[in-house]
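Rule-based calculations on the coordinates, nothing more; no lab input. These numbers come from a predicted model, not from an experiment. As a convention, Cβ positions derive from the backbone with ideal geometry for all residues, glycine included, and neighbour counts pool all protein chains shown.
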Ligand SMILES: Nc1nc2c(ncn2[C@@H]2O[C@H](COP(=O)(O)OP(=O)(O)OP(=O)(O)O)[C@@H](O)[C@H]2O)c(=O)[nH]1
Ligand SMILES: [Mg+2]
């Protein structure tokens, strides 16, 4: 396939086009992704997550610049939070990474969290593969760690860097809420602000309580805007990668990531079949019956499943 050849030869425009296709019409992208798959699996994937404004983009930018100095190529997938809470992030990200966007060794792609027909997680995983096949050696996924969907996205990364900052009021609550356990490396950014040491202590204490597995996440201090602590962060990322390889956890993680991807795709596919083969009218009727106790939800599901299976075997949809 022409586009596959182009991507593996480093054609950025072809890569950008395929990501757009995956966003707009996943079924069509799928045929190309199938062929691309054997050219993937070489990149190191780093998830950068944390509360809005913690410094994720600034840190990604600094790490990228350092990697570029070492001759490594980099891909960045920034998931733009489209909630009003963090609105305007897109412009901010663009401005902060402007000088990177002219570097042919760096590929930056922003993706919205809404309006995906194909499911964000599935599309992000496709984008990672596309950048991987394009030859990017390190791929960053930046996403705000506030919702389950965003947390799910970085779970596919080899290493997850959880960035936080002092002065968020009840700081620790934000990291406690579900994302704590996914951090392999903790960063307290904005160490130039008050409350940094206290936050570090709180995180350390929490890690002591939640210690599971052999890897004890380090807690680092950075001032991203002035490069302070960035080198150490880089060292820790390398250290974590070594640990992953030596302990066999890299393989385990990649297995889990593949499994998650398979299930994401199954879910999206069946959702599509559901939307295509069962009308809202019919669904509403069933719901009414269930509410009135004319039917139980289990039988309702059985009836819907029968329709789905029929649709599937009739080849109405893949
Ligand atoms: N004082 C101080 N400001 C910082 C530091 N790091 C980043 N900033 C500033 O904090 C603001 C937010 O930084 P970003 O890197 O955009 O944060 P982010 O986590 O990517 O933000 P979202 O993507 O909007 O969630 C910017 O104005 C940065 O210049 C730091 O270490 N100290
Ligand atoms: Mg950002």
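For segment 263-313, taking Cα atoms only, Rg and Dmax work out to 11.8, 34 Å respectively. Result for the chain in a Gaussian network model with C-alpha springs under 10 Å: among 39, 243, 298, the largest mean-square fluctuation is at 298. Extension gain, residue 204 to residue 70, is 45.1 nm, computed as 0.36 nm per intervening residue step minus the present C-alpha separation.
Under the simplified labelling scheme, the residue 231-residue 12 pair shows an inter-label distance of 3.0 nm, with each label point 7 Å from Cα along Cα→Cβ. Computed over the chain, the per-residue total of -39500 (n - 2.57) for DSSP H runs of n ≥ 4 gives a 222 nm mean residue ellipticity of -17000 deg cm²/dmol, rounded to 500. Residues 247, 257, 38 in ascending order of nearby Cβ atoms (within 10 Å, fewest first): 38, 247, 257. Exposure proxy for 48, 19, 182: other Cβ atoms within 10 Å of each Cβ, ordered fewest to most, give 182, 19, 48.
For the options 73, 124, 102, a Gaussian network treatment of the chain with springs between C-alpha atoms closer than 10 Å singles out 102 as fluctuating the most. So, in Å, what gap is there between the alpha-carbon centers of segment 215-230 and segment 246-318? Each part reduced to its Cα centre gives a spacing of 43 Å. Going from the fewest other Cβ atoms within 10 Å to the most, the residues 194, 204 appear in the order 194, 204. Relative to the longest principal axis of the Cα atoms of the chain, helix 56-69 runs at roughly 70 degrees.
Using 1/(1 + (r/R0)^6) with R0 = 41 angstrom and r between the beta carbons of residue 312 and residue 40, what's the FRET efficiency to the nearest 0.05? Step by step, r from the Cβ atoms, then E = 0.90. Gain on full extension, evaluated as 0.36 nm per residue between residue 284 and residue 110 minus their Cα-Cα distance, stands at 58.9 nm.
Write down the Kirkwood hydrodynamic radius of the chain, to one decimal in angstroms, obtained as one divided by the mean of 1/r over all alpha carbon pairs. About 21.3 Å, per the Kirkwood formula over Cα pairs.
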